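Written below as structure tokens is the structure these notes are about.
The values are calculated or read from the model by the stated rules, or taken from the named source; none is laboratory data. All figures in this text were calculated on a predicted structure; none of them were measured in a lab. Cβ placement follows ideal geometry from the backbone for every residue including glycine, while neighbour counts extend to all protein chains displayed. The area values use the complete protein model at the heavy-atom level, side chains included, leaving out ligands, DNA and RNA. Shrake-Rupley method; radii C 1.70, N 1.55, O 1.52, S 1.80 Å.
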Amino acid sequence: MPNEPENFFPHGAEWVRADFHLHTLKEPGASRKQLRAEFRDRENEFVKEWVGQLVAAKIRIAVITNHNTFDVDEYKALRKAARRESILVLPGVELGINAGKGIHALIVFASDWVDDQAANDGIQRFLNSQFTSTPDEGSRSVEDIAGCLEKLDSYDKDYFVVFAHVDSDNGLIQELGWGQLKHVIETCGDRWQRVLGLQKVMWPDMVIQHWPVGLPPAFVEGSDPTHSIAEISQSDRPCWLKIGDLSFESVKFALTDYGQRVRLTEPEPRSGPMLHSVSFAGGLLDGQEYGLSEQLTTLIGSRGGGKSSVIECLRYALGIEPTDVDARYKNELVKAMLANGGEVIVMGRNEHDQLVEVRRPLGFDPQVRLEGNATRLRPGDVFPNVLYFGQKDLGSRHESFEAEFFARLTGAATADDQHQETQLVQAVRQAVTDYQSVLKAKGLDDEYAQEQERLKHQLAVYAEKGVEDRLSALTVFDTDQRGVDELLGQLKELRNRVSQQDADWREVMADWPELKSGSLQAAAARLTTLLENLQASKTSFDRLVTGLQGTETELESIRTSIRETEHELQEGFAQLQREIAKPGLNLEEYRRKKSRYGQLVKLQQAAANRTQAEQTALSKVLTAAQALHRFRRELHRKEETALETCEKSIPDTIKLTTQFEDDRESFGRFLAEQLRSTGFRAASRDRIVEQLRNGLAIFEHRDKLQDTLGAIADVEKLRTALFENLAEFLTWRVPDRREITFDGSPVRKLSLGQRATALLTLLTSLDDHPIMLLDQPEDDLDNETIFRHVVAPLLERKKHCQFVIATHNANIPVLGDAEQIHACREVQQGEYDHQSGSLDCPATSKTIVDIMEGGAEAFLRRQKVLQQWTKSVSDRKS
């Protein structure tokens, strides 16, 4: 069913101020004469001003407690006006009970005492039964405490009792003392459970210490305005209740669970980023909106009801990628829910209390708006450090689990870090390419020398046969032509390199700072002068580019003219070939060999510098690889620092450790892949893994590999693989060894239940993650473990962290005191709906029983069995 149209708590239960002791114009007490005099001639304005005082004091729960009297018409008028201000006004009476010198008890009635027509004003009938004449402020009831409770129970309607100003005159403790109070409690028996509060406790520690039976009820407050309604907003004794519905039932629920839901000090507002709601436009969840509590929101429902869909779509909207475990299923689930133009909308606030809206249609990147304005921010910028664990994630045993888990705890590498690492990797690969080019060229030097010697003998034939002199003009022509061609190629390469700098130049100019601080005027002037000088240099730079382009054009023209001249000389070359007319003396062959010989002469001249070039290239490779290694170590140090921060808040039973590049098994698999099909022995591979940390270490140790391996054959195989795949050896990162231990044992070796226990204990202890999304974390856990290791820490942690949990286990929403519960269901195939409410809403509690306990009948039967078991155990012990 859809959400109720009148929803005063769209984000679930929240802390509201309550006042359990208020008086009105119908108060009969003599001490309130001034209050009545204040409105003697304007009684019709009382309702408006009384409610106005509640609004001014930010009171949202108010109880009318006139002495020994109740005016139903006045109450209904006040209730109606207050409701318009989202304030709950409850009917009550301050009853003078016949005990001691008279004990004042604030009796708070459920609405049906007033609204049930058949009851015929049940409150007044009760009062008539307690007084033989018209009561006043000092009147005392016919019955004592036990008798009053018995009489109230006889009406078969709900109520509870708060004893007023217990340490003062007419107060429960003041009038009875501890000994008589114990007798009264024992006399009342089970009916004493109707007593849910003590108002105006002056010495709370003493009350707790001396309370005669069990624990005392909740300590609450009320302004008890004596002379004027202005005293309502001026009261210095406030109290707060956590409720999720403006109803008698919610107030009673809060007082019953007062450890979690009653406070005498104002709760501090939550700071930091938080999500307010997730809603859907289009798709299978079209029109659905899920309000999120700032503490604990649970999604419940039968399997296939859509609760996991909400978690996964929320994860998708926030740009969080699922792990490899069931990633396909999770992404397909989002795709199914957002099909045909569906969109997820997430509303919330960032750490600066700015309104945030994140929208993500299926297949598009998330779009972030801040205070209504479009931005280029990512969801992680406005909602940082969100932790998400989907179904089966905590029970996963895949190899990279620890790495993924640590990445979530410490935050993935930033975009800047990723970009810098990519650049460093590229620098290594480029240095390796240059180095291998030098080695390749050096390896060809002997071949070039042999080729040069061979051509020298072949060309000598032309000299021996006396025709070389006649070909000298042709040789000079070819040399000149080749020189122009080579110059043109070099010039084009130079122009390309110079032109590429223009983009860098524009980037520098665009980033040039403009200092605006009044205290930096001198520095600003110097910067301006530098810019002017640089811009003047740019003119020379532009002239250089233009000059190169012009020179290249002119050289192209010169080369064209040489080609034309060569064409004109073709007939002369043919005549020369005919005149030579000797076997084996081919003019074209001579020209080709002579040109190649000239090239080889230059190559041999360059060979003299090849050794120096090799050393330079090698130095660049080592420098680039070492820079990449240092950067990765720095990333590791950042992770260590983040883990140290995490460990400050987690229990001592859990340890998080990380060792830099210490995953030796992965390193061994990498080497096996690089040396595949070479016959490299496994024993030699193990020695490398044991003694050398990574590929860089192997390269640095390349000349001493025989000391490590011994076997010459394996040394040569490794060296060959190393130089053939040098870039891979130098850029592949040996994974860090990460480990989570629980009670001294690595979690990867624990059972599924122990593993999930450890990880959930860890998650519910973290301080640095303001938002946590969990889908069915109770899988593989028994109820005792859930209570001890999930619910107990969750109750404390949710005060500082926002949890959104999809669950099948009733312990999490019920014992975890969920502020917001969404009961999800599939109405019919492909159509989903949900019912929202707090744990203290009657409709929600019924839904929890129906869905999670199998219905009221099953719940009651189980409760009876458990009570019998408990009684049996107790009897055996006694």
query: Among the residues of segment 688-703, how many are in a helix (DSSP H, G or I) and either over 18 Å from residue 621 (Cβ atoms) or in contact with a helix residue (DSSP H, G or I) (Cβ under 8 Å, 6 or more places away or on another chain) (or both)?
result: 10
- request: Scan segment 293-325 residue by residue and report those that are at pLDDT below 90, of a type in the set (S, T, N, Q) and within 24 Å of residue 396 (Cβ to Cβ).
  value: 323
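Conditions (1) among the charged types (D, E, K, R); (2) free of Cβ contacts under 8 Å to residues at least 12 places away in the same chain; (3) in contact with a Ser or Thr (Cβ under 7 Å, 6 or more places away or on another chain), marked per residue:
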site	(1), (2), (3)
42	yes, yes, no
48	yes, no, no
52	no, yes, no
58	yes, no, no
71	yes, no, no
76	yes, no, no
83	yes, no, no
90	no, no, no
message: Name the residue that is least open to solvent (accessible area, probe 1.4 Å), counting only residues in segment 229-265 that are assigned to a loop (DSSP other than H, G, I, E, B), touching a residue at least 60 places away in the same chain (Cβ under 8 Å) and closer than 14 Å to residue 19 by Cβ.
response: 229
- prompt: If you go through segment 653-691 one residue at a time, how many are in contact (Cβ under 8 Å) with a residue 24 or more places away in the chain, among the aliphatic types (A, V, I, L, M) and within 13 Å of residue 718 (Cβ to Cβ)?
  reply: 3
field: Which listed residue is among the β-branched types (Val, Ile, Thr), closer than 24 Å to residue 249 by Cα, over 48 Å from the mean Cα position of the chain (by Cα) and assigned to a loop (DSSP other than H, G, I, E, B), from 69, 132
entry: 69
- line: When segment 636-659 is checked residue by residue, the ones that are part of a helix (DSSP H, G or I), closer than 17 Å to residue 734 by Cβ and either open to solvent by 30 Å² or more (accessible area, probe 1.4 Å) or polar (S, T, N, Q) (or both) are 637, 640
query: Just checking, how many residues over segment 782-837 are small (Gly, Ala, Ser), open to solvent by less than 10 Å² (accessible area, probe 1.4 Å) and assigned to a loop (DSSP other than H, G, I, E, B)?
result: 2
message: Filter segment 146-167 down to the residues that are over 21 Å from residue 262 (Cβ atoms) and either buried (at least 21 other Cβ atoms within 10 Å of the Cβ) or of a type in the set (S, T, N, Q) (or both) and list them by number.
response: 148, 149, 152, 154
statement: Checked segment 728-750 for anything in contact (Cβ under 8 Å) with a residue 24 or more places away in the chain and of a type in the set (Lys, Arg); matches are 733, 737, 738, 748
field: Output for segment 64-114, where each listed residue is open to solvent by 20 Å² or more (accessible area, probe 1.4 Å) and among the small types (Gly, Ala, Ser)
entry: 77, 86, 100, 111
task: For segment 661-670, name all the residues that are open to solvent by 20 Å² or more (accessible area, probe 1.4 Å), more than 25 Å from residue 756 (Cα to Cα) and in a loop (DSSP other than H, G, I, E, B).
output: 662
query: Can you name the number of the only condition in (1) modelled with pLDDT under 90; (2) more than 20 Å from residue 775 (Cα to Cα) that residue 328 fails?
result: (2)
message: Looking at segment 76-101 only, could you name the residues that are over 12 Å from residue 62 (Cα atoms) and among the polar types (S, T, N, Q)?
response: 98
query: Hey, among 713, 682, which residue is modelled with pLDDT under 90, over 25 Å from residue 623 (Cα atoms) and not acidic (Asp, Glu)?
result: 713
- prompt: If only one of 497, 526 is open to solvent by 70 Å² or more (accessible area, probe 1.4 Å), out of contact with any Pro (no Cβ under 7 Å at 6 or more places or on another chain), modelled with pLDDT of 80 or more and assigned to a helix (DSSP H, G or I), which one is it?
  reply: 526
task: Kindly indicate which of 748, 755, 733, 719 is under 28 Å from residue 639 (Cα atoms) and at pLDDT 90 or above.
output: 733
- prompt: Is it true that residue 180 is open to solvent by 40 Å² or more (accessible area, probe 1.4 Å), closer than 21 Å to residue 101 by Cα and out of contact with any Cys (no Cβ under 6 Å at 6 or more places or on another chain)?
  reply: yes
Meets criteria (modelled with pLDDT of 95 or more, of a type outside the set (Gly, Ala, Ser) and in a helix (DSSP H, G or I)) for residue 278: no
